[in-house]
Structures are given as C-alpha cells and as structure tokens.
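No value in this document is a laboratory result; all are computed from the given coordinates. All values derive from a computational prediction rather than experimental measurement. Glycine gets a Cβ as well: all are built from the backbone with ideal geometry, and neighbour counts include every protein chain shown.
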Amino acid sequence: MDKLDSKDPPGRITVAGEGYSREELAHLTRMRAVVFGDDRKIRLEEVPVPEVGPRDVLLRPHFCGICGTDLHAPMIASFRSRVVMGHEFSGEVVATGEQVHGWEPGARVVVNPNGNLCGACGACREGRLNLCRSAVFENGIGIQHPGGMAELVTVDPKVLHRLPDSVSSEQGALVEPLAAAVRVVRRSRFRLGSSAAVIGTGPMGLLVIQVLRRAGASTITAIELAGFRRQAALDLGADLALDPETEPPTDLFGTELEPPEFVFECSGGQGSLELAVDIVRYGGRGALMGLASRPVEVTSTNVIGKEVDVVGSIIYVEEFPLAIDLLAKGAFDIESLISVVLPITRFDEAFESLANPVSTLKILLHPG
C-alpha cells in the first residue's frame, strides 16, 4: 500500500478525517484513538479531545510505529486501563498552554515516551534517567499516559525533541527504537573490529545490525527463523544469516565459524539467552534487549566456565537526541524497515499482520 502524505494545508489540521483551522479546533469534542480497554482488549474508539492545560503541548501525531510491546499489551501488567496506545511517534505542535515557552504551532517533533522524569529519585540524581521508575513504569507515554495512536494528544514539553528538516516524519517515528538500538551497542562496550552475532532480526535486531556496521564490526552474523527477515538482515549489513532450525549455530560456531566476541539477544524468544551464552566466545559479552513473555533459563556452567559477561539494556538516555542527529546525517536506512503505512482505522489489520508476519517488518499508523 502506498504511504500516506503527512502534510496538511497551512493553518489546518486533520481531525476525524476533516480539515479544521486552529480556531475551529477549540470546538471539537471527540476524536478517534486506539484504546487499551478495561477488558484488556484493544479497540478503535471515539474519545474526548484532550484539554490543553497551562503546561501542556497539544500535538497532532503524524506517524506512530507499532512495537512488540503494543502487540503483547494484554499480557503486560504495566499497561494502564483506558490508555491511548502508541509510544513511537512523530507529530506537529498544534497548540500550547499559556505557561509553555519555546514551542510554536507547526513545529515538527518526536516524543520521548520515557521522558516524564521525576528528577528526584536515585536514578535521576545519578544521571541514569532510563532507570527512573516514574518515567518508565508509571508515566510512560502510550502505556500509562495517552500516546500517539490518536488524532490528538497532549504531552509535557519536556518530552519533546525537534525534528530537523533533513529527518522526515516517517523517520521520526523510528527515533525511539533506533535510540534503544544505539544504547544496547554502547552498553555492550562493543569494540571497533570485533565480531558480533544478532539473535532475532525483527525491526530492533535490524537496527542493531546497522548500528554495529556503523560501529566498525568485522563480521556480523544474523540468527533468525523467518526467511524474509534473514534477507533483510543481509540487505542491511549482516555478512551471514543463519536459520537456527536448519543451520544450528551451536554446531557451526567453533567449527566452521569463529565464535563471535559479542552476541546481541533481540528476540526475547525461549532458548535465545541460552543460545547467546552457548555461541559467544570465551571471555565474550552478551547484551540483552529482547523482552521474554515468560521466564527463560540459562545454564550457569557456561556463563561461569566461559567467563561470559552478560549485560542488560533498557531504552536510552543521551542516545535519544543522538539518534535524531544520526538520522539527520543519513547514517541509517530507516525506510527499508517501513513495510506499510495505514490509518489508525485499520489498526487491527496492522496488529494482525505483525503478530503473524509473512513479509512485514514495521507498520506505521497515520491518524488521517
């Protein structure tokens, strides 16, 4: 399907499929949004247009990515009932509260969904902002606070970042996952010229592959069940792509292939952590970012006997503005990840396509 145009005529915005001036916006009362219901089911609903408080910025989302977290929302306890979903989104400033300064209508922005920092906890005081419980687990946009799968949304201005002219609104919707990919590579302490393996090449794994290539990896091996994702991994920078069912990595690494110095677990699949520890070289390092839907097991003998370092990585800190800067410099191929753009009225089709992927990598939702 063709991608949709993200621009409106000057001075007008689109709400419920109609064009309205900013003055007319004040008289609107209802809009469409993708809502996580009281029964833990996801629906398209008509909801009240958000009120703009004195410290709020009203945005019209342009594009909102669908994350694996969104797909598994019914199984994730942190999703708040009746929240408007969507945490990977770009948009346009429509209006601001009287106490907001520095933001003007028409400004193109991207939202840091984990930017509602408390500023007072130990993590915030230490500069480990990605570990602020208030921001990540209590006030996350699209999880506990209204997100971007809607025609309008209000946010605190502190979560906003400007999009440079060289970064499209479609690219802006992938700033959030790119920032997480940059973070996990930095957390791994990856070294120029080192070898790496990436387990799981959905959108996150494909972004990690691109970051590793830019970071100077000597060889990158992708490990992925789906053939179309293996091909995408090769297209975006992997040197080799293995199907773990027909080419068992535990058989190949150490015999035909040199064990990788770094392994990035991006799938959260059962057995993936065990596989990461099995294939990494002695004294190597495993970095985990894939969230498992249920507990996983790993044999401690391999971790200890091979003296493997295992690190976790969650979201980002300074990597968020860094991701914008890297996109502005043309450092990554984002467009190849976007399979299709659909209106939010077809969100259920989009969710189904991603839950049972045949050829789909990333879907963006558009409010119009």
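Relative to the longest principal axis of the Cα atoms of the chain, the long axis of helix 203-214 lies at roughly 70 degrees.
Counting only Cβ charges, +1 for Lys and Arg and -1 for Asp and Glu, the dipole size of the chain around its Cα centre is about 820 debye.
In nm, what is the difference between 0.36 nm times the number of residues separating Gln270 and Ser81 and their Cα-Cα distance?
Numbers: separation 189, 0.36 × 189 = 68.04 nm, distance 2.84 nm.
Length difference between fully extended and current span is 65.2 nm.
Just to confirm a number: summing +1 for Lys and Arg and -1 for Asp and Glu over residues other than Gly122 whose beta-carbon lies under 12 angstrom from that of Gly122, what do you get? Don't skip to the answer; put the middle values down first.
Values: positive: Arg125, Arg128, Arg133; negative: Glu126.
Net of charged neighbours comes to +2.
Where the only charges are on Cβ atoms (+1 Lys, Arg; -1 Asp, Glu), what is the dipole of segment 253-318 about its Cα centre, to the nearest 20 debye? Could you put the intermediate results ahead of the total?
Numbers: 4 positive and 10 negative charges, 32 e Å.
In total the dipole reaches around 160 debye.
Where a ≥ b ≥ c are the square roots of the eigenvalues of the C-alpha gyration tensor, would you call the chain rounded, which needs a/c under 1.5, or, failing that, prolate if a/b is larger than b/c, or oblate? Because a/c hits 1.5 or more and a/b exceeds b/c, the chain counts as prolate.
For Arg55 and Arg213, calculate 0.36 nm times their separation in residues minus their Cα-Cα distance, and state this gained length in nm to one decimal. Please report the intermediate quantities before stating the final value.
Numbers: separation 158, 0.36 × 158 = 56.88 nm, distance 4.16 nm.
Computed gain between Arg55 and Arg213 is 52.7 nm.
Can you give the local net charge around Tyr316? Use residues other than it whose beta-carbon is closer than 12 angstrom to its beta-carbon, Lys and Arg +1, Asp and Glu -1. It would help to have the intermediate numbers written out before the result.
Values: positive: Arg128, Arg183, Arg186, Arg187; negative: Glu176, Glu318, Glu319.
That works out to +1.
The Glu247 and Cys121 beta-carbon pair, evaluated with R₀ = 51 Å, returns a calculated FRET efficiency of approximately 0.65. Spin-label model, Asn356 to Leu225: label points 7 Å out along the Cα-to-beta-carbon direction sit 1.5 nm apart. Secondary-structure-derived ellipticity at 222 nm for the chain, considering helices only, amounts to -6000 deg cm²/dmol, per-run term -39500 (n - 2.57) for DSSP H runs with n ≥ 4. The longest part of the chain holding none of the exposed loop GluC sites (Glu not before Pro), meaning those outside H, G, I, E and B in DSSP with at most 14 other Cβ atoms within 10 Å, is 127-244. Each of Ala179, Ala331, Gly200 was scored by the projection of its Cα onto the charge dipole of the chain, and the greatest displacement toward the positive side belongs to Ala179; charges sit on the C-beta of Lys, Arg, Asp and Glu.
When the charge dipole of segment 108-242 is built from unit charges on Cβ atoms (+1 for Lys and Arg, -1 for Asp and Glu) and taken about the Cα centre, the candidate among Gly142, Val211, Leu160 whose Cα reaches farthest toward its positive end is Val211. Once the chain from Glu45 to Leu28 is taken as fully extended at 0.36 nm per residue, the excess over their C-alpha distance is 4.6 nm.
The alpha carbon gyration tensor of segment 284-360 gives principal lengths a ≥ b ≥ c with a/c of 1.5 or higher and a/b no greater than b/c, which makes the shape oblate.
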